1. Going through the stretch 1-45, which chymotrypsin sites (Phe, Trp or Tyr not before Pro) have at most 14 other Cβ atoms within 10 Å and a DSSP loop state?
2. Which percent, nearest 5, of DSSP beta bridges in the chain are antiparallel?
3. Using the Cα centre of the chain as origin and beta-carbon charges of +1 (Lys, Arg) and -1 (Asp, Glu), tell me which of I24, V51, P35 is placed farthest towards the positive end of the dipole.
4. If you place +1 on the Cβ of every Lys and Arg, -1 on the Cβ of every Asp and Glu, and leave all else neutral, what size is the dipole of the chain about its Cα centre, to the nearest 20 Debye?
5. Quick check on packing: order 49-59, 68-78 by the mean number of other C-beta atoms within 10 Å, highest mean leading.
6. Ratio of the chain's C-alpha Rg to 2.2 N^0.38 Å, to two decimals?
7. Can you list the residues of the stretch 54-96 with backbone N under 12 Å from a point 7 Å past the Cα of A14, pointing along Cα to Cβ?
8. Tell me the carbon and sulfur percent of the accessible area for the stretch 49-108, rounded to whole percent, probe radius 1.4 Å.
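The values are calculated or read from the model by the stated rules, or taken from the named source; none is laboratory data. A quick note: this is a predicted structure, and the numbers were derived from the prediction, not measured. Neighbour counts run over all protein chains shown; Cβ positions are idealised from the backbone, glycine included. The protein model used for the area step is the full one, side chains on, heavy atoms only, and it has no ligands, DNA or RNA in it. Shrake-Rupley method; radii C 1.70, N 1.55, O 1.52, S 1.80 Å.
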Amino acid sequence: MTGKVIDVAGWDVAAVIAEQRGLILFDLWSPTCAPCRALAPILDDLAADFVDELRICKVNVAVDEAIAKPFAARTLPTLALYRDGVEIDRVVGLKSRGHLTAWLESHL
């Protein structure tokens, strides 16, 4: 794991999901979304905090709708958590670092 949030623009997200073992968190966001921009530094911190347990990927839904379509997110930001290729949980809207830390720890 890198300890950094990975921008997956242009990637085959289905392949990323299928190939990843362990936890992967997808941040579905848009640059025009103020809560999405506020969440970005929190996710950077979480990527460093959970470097050995979690991979965090950003999906800019404004740039590549085809990538975002399988997630069926209706509200931004949406955080979709996957384990071994299967979605196990989802958080919608801006949440505090403490809330997200507790949420992620509950899935470790």
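1. Details: sites: W11, F26, W29; in loops: W11.
For chymotrypsin sites (Phe, Trp or Tyr not before Pro) across the stretch 1-45 that sit outside H, G, I, E and B with at most 14 neighbouring Cβ atoms in 10 Å, the list reads W11.
2. On the way: 12 of 21 bridges.
Counting only bridges with both partners in the chain, antiparallel ones make up about 55 percent.
3. Positive-end residue among those listed: P35.
4. On the way: 11 positive and 15 negative charges, 63 e Å.
The calculation lands at about 300 debye.
5. Numbers: 49-59: 18.3, 68-78: 15.9.
Descending mean neighbour count gives 49-59, 68-78.
6. Working: Rg = 12.5 Å, N = 108, 2.2 N^0.38 = 13.0 Å.
Rg over 2.2 N^0.38 Å, computed on Cα atoms: 0.96.
7. It comes to 67, 69-71, nothing else.
8. On the way: 1640 of 3270 Å².
Ligands and nucleic acids excluded, carbon and sulfur reach 50 percent.
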